Amino acid sequence: MEEITNLFDISNKVIDNAKKAEIDVDVVFNEIEKVALYNQAKVMKAFNKFQVSRNAFW
């Protein structure tokens with residue numbers, strides 16, 4: 001990462017703010033991930049229930 005910051009002359013303040021922002025949004029992204037996995041499981045269950053196979057998408 002240091003090479004990139006030196007190459008583009010990015011200040012340490014910007015790097016620190018970016019790191020803080022990543023930490024702040026991590027909780028939100030984790031919640032989104034949980035919802036996405038839950039919804040994926042619901043879709044897979046429905047596909048199984050109605051015997052939808054891979055061939056249905058070709």
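The values are calculated or read from the model by the stated rules, or taken from the named source; none is laboratory data. This one's a predicted model, so the numbers in the text were calculated from it and none came from an experiment. Glycine also receives a Cβ, built like all others from the backbone with ideal geometry; neighbour counts cover every protein chain displayed.
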_From 43, 35, 25, residue being modelled with pLDDT of 95 or more, aliphatic (A, V, I, L, M) and more than 17 Å from the chain's Cα centre (by Cα)_ = 43
*Filter result for the condition that a residue is part of a helix (DSSP H, G or I) and among the hydrophobic types (A, V, I, L, M, F, W, C), over 28, 52*: 28
_Members of the stretch 2-19 found to be in a helix (DSSP H, G or I) and either surrounded by 10 or more Cβ atoms within 10 Å (Cβ to Cβ) or touching a residue at least 60 places away in the same chain (Cβ under 8 Å) (or both), listed by number_ = 5, 14, 15, 16, 17, 18, 19
*asked:* Cβ-Cβ under 9 Å, sequence separation 6+ or interchain: first residue in the stretch 25-48 and surrounded by 10 or more Cβ atoms within 10 Å (Cβ to Cβ), partner assigned to a helix (DSSP H, G or I). Which pairs?
replied: 47/56
